[in-house]
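Every number here is computed from the coordinates shown, using simple stated rules; none is lab data. Treat the numbers as computed from the prediction; the structure is a model and nothing was measured. No Cβ is skipped: glycine too gets one built from the backbone with ideal geometry, and neighbour counts run over all protein chains shown.
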Amino acid sequence: MQVHPLRLSPGDDVRDALEEVLRQRQLRAAFVIQGIGSLSVAQLRFAGAEAPTGLRGDLEILTLAGSVSPDGAHLHMSVADARGQVFGGHVARGCIVRTTAELLLALLAGHRFTRELDPGTGFMELVIQSEPGTNAA
């Protein structure tokens, strides 16, 4: 496992930027271990909801974690607004960095993550595979 720090800039979309890092580095599996920073827009899908809820304003990222594969990311985030009210949920596209986002990625050489429809959940779920010729268990 390699660790890769990453800083996102104002205007970056968090999900798009993370997925682009994997594509650029030709990696097939990573985890976001932690993320902090600020957003001007957060698009979070709350538990049990079918669509994301948009939050706007000065938002602080308190936590950000999840898995990233070339075909998508599964991220959860908690944010606080200017009054300190905290919201958390599944990260959708459209989470826009306000000043900075500082992330720590764990890059998993020897593994491949894909997402496949799971009939039991109805969602595209993580499938973990070891790459041939590696010692990944």
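Working note: 222 nm ellipticity from helices only, DSSP H runs with n ≥ 4, each -39,500 (n - 2.57), summed and divided by the residues of the chain, gives -2500 deg cm²/dmol to the nearest 500.
Only loop residues by DSSP count here, and only those with at most 15 other Cβ atoms within 10 Å; note down the trypsin sites (Lys or Arg not before Pro) in region 64-121 that meet that. Please report the intermediate quantities before stating the final value.
Values: sites: 83, 93, 98, 112, 115; in loops: 83, 93.
Here the trypsin sites (Lys or Arg not before Pro) that fit, given the DSSP loop and packing criteria, are 83, 93.
Distance between the modelled labels on residue 40 and residue 117, one decimal in nanometres: 3.8 nm (7 Å Cα→Cβ projection).
List 9, 38, 69, 130 from most exposed to least, where exposure is judged by having the fewest other Cβ atoms within 10 Å. Write down the numbers at each step before the final one.
On the way: 9 10, 38 16, 69 21, 130 13.
Ascending Cβ contact count within 10 Å gives the list 9, 130, 38, 69.
Using the Cβ-Cβ distance between residue 80 and residue 104 with R0 = 25 Å, the FRET efficiency computed as 1/(1 + (r/R0)^6) comes to roughly 0.80.
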